[in-house]
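**Q** What follows is a structure written as structure tokens; I'll ask about it next.
Every number here is computed from the coordinates shown, using simple stated rules; none is lab data. Note that the structure is predicted; figures quoted are calculated from it, not measured. Positions of Cβ are generated from backbone atoms using ideal geometry, with glycine treated the same way; all protein chains shown enter the neighbour counts.
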């Protein structure tokens, strides 16, 4: 399957590598491919995009618009502040009515760590994206776990935990659920309703960051445990 | 143990009945006990406070101040909008430096269901309470599950799921953790840090409400599942 990933950071790289390992045709989209390839190593990962690209030669790199045109499915793996600019750069025409798995979170690090939410409570980034691109079928998902767990839920408790999903299009959510299973091995994908439920999953980030601190690692997740009926 | 519960609603009644069943001395605090006893049945529960009180004769009813003076431990079981007024009514003097388990959530139902948060992101009701009563030792907890699960975690998955806790006083949190185990049977109480982590646990309510919709019952919880170390 042809899959486009918007964003060249850790999330984009992790998902791209996992999808390429499953023999999917993957293109990563960025604003300026030449600039991305020239960028020095990131302080945290100590690896430049170019080094990662050389280690993952089957993954293509293109502009946001090229990636959006290429993908049968789109994944938004940008930062929160980068999401709307990246999609504007890709263009409504190129994205059409494709399904976009939106893994971004509207985190504002301007006041340090922990970050605040730049949109919350009465609106969400997922809704902003859906409003801006009404034809695009936005499925908010993957944004409640760290990149490594997105791509390999088996890292945590044998994969027995829950991924949330929200979106307006039932068919798109059914496809997303199937893809999340086939691509990464997600078994428990919980549909929280329409895209306004992104307020819930984005608003979960502050408690997620505190759980990370308490657990001592971002490699964890929550499992929804039901009462006896 | 003498335990005071502020608030006469479903949360207060549920916790009081569970604690009384364990032979604790429980007093429920309210603004005006006579008015509480005269109040007609609530539309949802179809039971008046008086009827509940008659069925639970060992639970005493007093003013907020009487309850605050009575309790060796205090539990805030008011609604979000009722919390600060109830504590003001109880009075700083009566509460002193006691431990308050704050189970309230700053939900704003003025625009219908689902509610919004009346404080979020950069502040929380837990912090507002702690700032207003600096001597009080506030432990934000119990607010992420429905009343029945607060009082009986075994209703869900045999009790194998997680309760969050936040507060500035390490000794108070140690006591709270022990009480939550002894009183209700909580085995997995996760300390998320200082009281600012209440932004996280209160900000979890929107996703919790969506999970309720998806699960079809409020009798559920999440379990934090850790990755292999």
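**Q** Which of the residues belonging to the stretch A:147-172 are in a loop (DSSP other than H, G, I, E, B), touching a helix residue (DSSP H, G or I) at 6+ places or on another chain (Cβ under 8 Å) and more than 18 Å from residue A:99 (Cβ to Cβ)?
**A** Answer for the stretch A:147-172, where residues must be in a loop (DSSP other than H, G, I, E, B), touching a helix residue (DSSP H, G or I) at 6+ places or on another chain (Cβ under 8 Å) and more than 18 Å from residue A:99 (Cβ to Cβ): A:152, A:161.
**Q** Next question. Restricting the search to the stretch B:149-197, which residues are over 15 Å from the mean Cα position of the chain (by Cα), on the phi < 0 side of the Ramachandran plot and facing chain A (nearest Cβ under 9 Å)?
**A** Hits for the stretch B:149-197 are B:155, B:156, B:160, B:161, B:162, B:190, B:191, B:192, B:196, B:197.
**Q** Also, quick follow-up: Tell me, which helices (runs of 4 or more DSSP H) lie completely within the stretch B:23-108 with 2 or more residues that are touching a helix residue (DSSP H, G or I) at 6+ places or on another chain (Cβ under 7 Å) and under 30 Å from residue A:122 (Cβ atoms)?
**A** Passing ranges, in order: B:80-90.
**Q** Still on this structure: Mind checking which residues of the stretch A:216-229 are within 7 Å of chain B (Cβ to nearest Cβ) and crowded, with 17+ Cβ neighbours inside 10 Å?
**A** A:219, A:220, A:221, A:222, A:223, A:224, A:225, A:227
**Q** Moving on to the next point. Please go through the stretch A:149-162 and give me each residue that is within 25 Å of residue A:68 (Cα to Cα) and touching a strand residue (DSSP E or B) at 6+ places or on another chain (Cβ under 8 Å), ordered by number.
**A** Listed by number, the list holds a single entry, A:149.
**Q** Taking the stretch B:195-216 on its own, how many of its residues are within 19 Å of residue B:116 (Cα to Cα) and not in a helix (DSSP H, G or I)?
**A** Number satisfying all stated conditions: 1.
**Q** Among the residues of the stretch A:54-61, are any touching a residue at least 60 places away in the same chain (Cβ under 8 Å) and farther than 18 Å from residue A:130 by Cβ?
**A** No, there is no match, as no residue in the stretch A:54-61 is touching a residue at least 60 places away in the same chain (Cβ under 8 Å) and farther than 18 Å from residue A:130 by Cβ.
Here's the yes/no breakdown for (1) within 18 Å of the chain's Cα centre (by Cα); (2) farther than 28 Å from residue B:171 by Cβ; (3) buried (at least 17 other Cβ atoms within 10 Å of the Cβ):
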position: B:24; (1), (2), (3): yes, no, yes
position: B:35; (1), (2), (3): no, yes, no
position: B:50; (1), (2), (3): no, yes, no
position: B:76; (1), (2), (3): yes, no, yes
position: B:80; (1), (2), (3): yes, no, yes
position: B:96; (1), (2), (3): no, no, no
position: B:102; (1), (2), (3): yes, no, yes
position: B:105; (1), (2), (3): yes, no, yes
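**Q** Looking at (1) touching a residue at least 40 places away in the same chain (Cβ under 8 Å); (2) under 28 Å from residue A:117 (Cα atoms); (3) touching a helix residue (DSSP H, G or I) at 6+ places or on another chain (Cβ under 7 Å), can you tell me which one residue A:18 breaks?
**A** Status for residue A:18: all satisfied but (2).
**Q** So, in the stretch B:198-207, of the ones that are in contact with a helix residue (DSSP H, G or I) (Cβ under 8 Å, 6 or more places away or on another chain) and more than 7 Å from every other protein chain (Cβ to nearest Cβ), which residue ends up nearest to residue B:166 (Cα to Cα)?
**A** Of everything passing the filter in the stretch B:198-207, B:198 is nearest to residue B:166 (Cα to Cα).
**Q** Hey, any hits in the stretch A:139-148 for a residue that's at the interface with another protein chain (Cβ under 9 Å from one of its Cβ atoms), touching a strand residue (DSSP E or B) at 6+ places or on another chain (Cβ under 9 Å) and surrounded by fewer than 20 Cβ atoms within 10 Å (Cβ to Cβ)?
**A** Yes.
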